[in-house]
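Novice: Below is one structure. I have some questions about it.
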Amino acid sequence: MQCDAYAGYDELFRRSQGTVIEVGCWAHARRKFVEAQKTSPREAHEAVARIKQLYAIEHEAKEFDAAARMSLRQEKSTPLLSSLKVWLDQLAVTARPKSPLGEAVTYARNQWSALNVYVIDGGLTIDNNAAERAVKPFAIGRKNWLFFGSDDGGRRLAILSSFTATCQQFGVNPWTWLKDTLTRLPNTPTDQLAMPLPQQPAK
């Protein structure tokens, strides 16, 4: 599960007893340093520059398959991460804990294990920006909507929004998919229920 450091996720990881692996988000870590640029420009700019190097490797591997992407990360990203960790540890000694820079350093160091998980699996991404973009319309709209009519209405919106976002990600027309799937569903064996999912290639 890829996420930021929101404390609400801690209980999920604790209860999962290792079955759910936490994957950190470098966009969130970077954002902390961007916010620190006004008060600690030299250190914050260096942190952003170092993180930019990690993203440059991701851009290089954009068209790679998962195995090749993992190999490239192991070769190029892992040394950069090791160097960044040493630098953060040194910076933690001098940065004031309650300053924007200190908070950025603390965030990155506390999340360090999760921030490194992406390099060991080429199928993972360096951040969860895709999910952030998917929920952005709801973050903007919630102040205007105020009410869904009921709790059930809110749950239905969440389900349908997740469904349409998945279809959009895989270039599937939601209405066409829904009509076709509901037509075929009664005759689909239970062991083949995953076949009509939007991420499956069209037959």
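Please treat every number below as a calculation from the coordinates, not as lab data. Since this is a predicted model, take the numbers as computed values, not measurements. Please note: Cβ atoms are built from the backbone with ideal geometry, for glycine as well, and neighbour counts cover all protein chains shown.
Novice: Please determine, in degrees from 0 to 90 and to the nearest 10, the orientation of helix 129-145 with respect to the longest principal axis defined by the Cα atoms of the chain, where the helix direction is its Cα long axis.
Specialist: 70
Novice: Multiplying the sequence separation of V93 and Y9 by 0.36 nm and subtracting their Cα-Cα distance, what value in nm do you get? Present the calculation step by step, with values, prior to reporting the outcome.
Specialist: Numbers: separation 84, 0.36 × 84 = 30.24 nm, distance 2.85 nm.
Contour length minus the Cα-Cα distance gives 27.4 nm.
Novice: Using the Cα centre of the chain as origin and beta-carbon charges of +1 (Lys, Arg) and -1 (Asp, Glu), tell me which of S113, V34, L182 is placed farthest towards the positive end of the dipole.
Specialist: Selected residue: V34.
Novice: Continuing with the same structure: Would you mind getting me the FRET efficiency between V86 and A131? Use the beta-carbon distance for r and R0 = 30 Å, nearest 0.05. Could the numbers behind the result be given before it?
Specialist: On the way: r = 31 Å, r/R0 = 1.02.
Computed FRET efficiency for V86 and A131: 0.45.
Novice: Report Rg (one decimal) and Dmax (nearest whole number) for the chain, counting Cα atoms only, units Å.
Specialist: 20.7, 66
Novice: Grab the beta carbon distance between L160 and A27, set R0 = 30 Å, and tell me the FRET efficiency rounded to 0.05. Provide the component values of the computation, followed by the final result.
Specialist: Working: r = 27 Å, r/R0 = 0.89.
Result of the calculation: an efficiency of 0.65.
Novice: Follow-up question, since we're still on this one. Any idea what diffusion coefficient region 7-120 gets from Stokes-Einstein, in µm²/s, Kirkwood Rh on alpha carbon pairs, 10 °C, 1.306 mPa s? Please list the in-between numbers first.
Specialist: Working: Rh = 15.1 Å.
Once the numbers are plugged in, D ends up at 105 µm²/s.
Novice: Here's a follow-up. Given the rule -39500 (n - 2.57) for each run of at least 4 DSSP H residues, summed and divided by the residues of the chain, what is its mean residue ellipticity at 222 nm, to the nearest 500 deg cm²/dmol?
Specialist: Working: 10 runs with 124 residues, N = 203.
Result for the chain, helices only: -19000 deg cm²/dmol.
Novice: Could you tell me which of rounded, prolate or oblate describes region 1-59, using a ≥ b ≥ c as the square roots of the eigenvalues of the alpha-carbon gyration tensor, with rounded for a/c under 1.5 and, failing that, prolate when a/b is larger than b/c and oblate otherwise?
Specialist: On the way: a/c = 4.34, a/b = 1.91, b/c = 2.27.
Oblate is the answer for region 1-59, as a/c is 1.5 or above yet b/c matches or exceeds a/b.
Novice: Please state the charge dipole magnitude for the chain, taken about the Cα centre, from unit charges on C-beta atoms (+1 on K and R, -1 on D and E), reported in debye and rounded to the nearest 20. Mind dumping the intermediate values first?
Specialist: Details: 26 positive and 21 negative charges, 104 e Å.
Using Cβ point charges on Lys, Arg, Asp and Glu, the chain gives about 500 debye.
Novice: DSSP loop (so not H, G, I, E, B), at most 12 other Cβ within 10 Å: list which trypsin sites (Lys or Arg not before Pro) in region 7-113 pass both filters. Let's see the in-between values first.
Specialist: Details: sites: R14, R15, R30, R31, K32, K38, R42, R50, K52, K62, R69, R73, K76, K85, K98, R109; in loops: K38, K62, K98.
When the trypsin sites (Lys or Arg not before Pro) of region 7-113 are filtered for loop state and at most 12 Cβ neighbours within 10 Å, K38, K62, K98 remain.
Novice: So, one more: For a Förster distance of 30 Å, can you work out the FRET efficiency between the beta-carbons of V48 and W145, rounded to the nearest 0.05? Walk me through the intermediate numbers first.
Specialist: Working: r = 35 Å, r/R0 = 1.17.
So, using R0 = 30 Å, E works out to roughly 0.30.
Novice: Tell me the volume per residue, in Å³, of the convex hull enclosing the alpha carbons of region 147-192. Can you show the working numbers first?
Specialist: Details: hull volume 5.1 nm³, N = 46.
Residue-normalised Cα hull volume stands at 110 Å³.
Novice: Then there's this: Using the structure shown, list the pairs from K38/K98; K32/K136; K52/K85; K32/K52; K85/K136 with a Cα-Cα distance above 25 Å, or answer none. Provide the component values of the computation, followed by the final result.
Specialist: Details: K38/K98 15 Å; K32/K136 19 Å; K52/K85 15 Å; K32/K52 14 Å; K85/K136 31 Å.
Table pairs above 25 Å Cα-Cα are K85/K136.
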